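Note sheet for the following structure.
Just so you know, all these numbers are worked out from the coordinates, no wet-lab data involved. Worth saying up front: this structure is predicted, and the values here are computed from it rather than measured. Because the Cβ atoms are built from the backbone with ideal geometry, glycine has one as well, and the counts that use them run over all protein chains shown.
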Ligand SMILES: Nc1nc2c(ncn2[C@@H]2O[C@H](COP(=O)(O)OP(=O)(O)OP(=O)(O)O)[C@@H](O)[C@H]2O)c(=O)[nH]1
Ligand SMILES: [Mg+2]
């Protein structure tokens, strides 16, 4: 209960005022007759108790509610404007609204630079040659769903190392379950005069490496797996567990939707700790914004992009500025 004081020289008008203002919920707790100074006029001081639910309280609540509704109204209209801006910017850039909000690209006028800054902090590009290995040869395992371009990409990487770095590689394929898979690698090997070994049992892995004494890098080409088949991924891992050291590289096709990329990454990441990434078939994708968003949000180290069927030419080693340019964010 709230207690208030009401002062008036006339007790009736004081009571009328209390009734008018606070309604019938007001309770008169005490009436005191007072004098301001010794010979001054008398007046009445009423102590009134008011229940919180009284008319005045309700009035106050109503006023507060009205103000809150107005504030809410303003906030909702501001949000609606933002939502429109977000939609438009998302369509324009190809990045998701979530990313634009996270990057604080809306509501700033300078969204391009804000976005550039956000992505530059998150994207990482690493050259295969700069990755430190403890063992020799350096074993690089290409993983990914069926048909993303693992075999072709392995051949492109080996071709690049040979032609541009004068470094020799070998191929190991554990893709023995599908007709034509081994032949495909063998064709690439033959064209570049690089050795190809086929492994049919996990325990053969280590021995096979010994058969490739001149190879600085060994590219292990794995069977394309529907990432949902966790059991089959574990089977691939059994082969790799025979090796002392290897790096798994996830290959995903730039034409996949961001959600599909995320799902595939999560499945492969459960079995292999995925740190390195190659974005394939960039040439076939309408834009690569969602792929770039995927790379940034998962903190992946991107080794390369592939942009066509030509081996070994259609392989790119972009830096951040190149990729920002590809998604329309060049300076
Ligand atoms: N347009 C385009 N096609 C590509 C690219 N990379 C690979 N391909 C083509 O994609 C098809 C599949 O490539 P592969 O290298 O066999 O794919 P994979 O991932 O090894 O496939 P599986 O072993 O069946 O899982 C082939 O026709 C390649 O020529 C690329 O960057 N751009
Ligand atoms: Mg293949």
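For this structure, a couple of remarks:
- Filter result for residue 106 (assigned to a loop (DSSP other than H, G, I, E, B), on the phi < 0 side of the Ramachandran plot and away from ligand 1 (no atom under 16 Å from the Cβ)): yes
- Looking across segment 145-164 at every residue that is surrounded by 24 or more Cβ atoms within 10 Å (Cβ to Cβ) and in contact with a helix residue (DSSP H, G or I) (Cβ under 6 Å, 6 or more places away or on another chain), the one that is farthest from residue 312 (Cα to Cα) is identified as 151.
- Test: residue in segment 281-288 that is part of a strand (DSSP E or B), closer than 26 Å to residue 159 by Cα and touching a helix residue (DSSP H, G or I) at 6+ places or on another chain (Cβ under 8 Å): no
- Check on residue 185, surrounded by 14 or more Cβ atoms within 10 Å (Cβ to Cβ), under 19 Å from residue 303 (Cα atoms) and within 11 Å of ligand 2 (Cβ to nearest atom): no
- Qualifying residue in segment 93-102 (condition: within 26 Å of residue 239 (Cα to Cα) and assigned to a loop (DSSP other than H, G, I, E, B)): no
- Residues satisfying the stated conditions in segment 191-228, i.e. touching a strand residue (DSSP E or B) at 6+ places or on another chain (Cβ under 7 Å) and outside any strand (DSSP E or B): 194, 195, 199, 208, 209, 211, 212, 215, 216, 222
- Remark: residue 183 falls outside the filter, which requires a residue to be more than 13 Å from ligand 1 (Cβ to nearest atom), closer than 30 Å to residue 316 by Cβ and free of Cβ contacts under 8 Å to residues at least 12 places away in the same chain.
- Exactly one residue among 266, 235, 242 is within 16 Å of ligand 1 (Cβ to nearest atom) and out of contact with any strand residue (DSSP E or B) (no Cβ under 7 Å at 6 or more places or on another chain), and that residue is 235.
- For segment 229-276, filtered to residues that are more than 22 Å from residue 295 (Cβ to Cβ) and assigned to a loop (DSSP other than H, G, I, E, B), the residue that is nearest to ligand 2 (Cβ to nearest atom) is 229.
- Residue selected from segment 131-159 under the condition in a helix (DSSP H, G or I) and under 26 Å from the mean Cα position of the chain (by Cα), by the criterion farthest from ligand 1 (Cβ to nearest atom): 153
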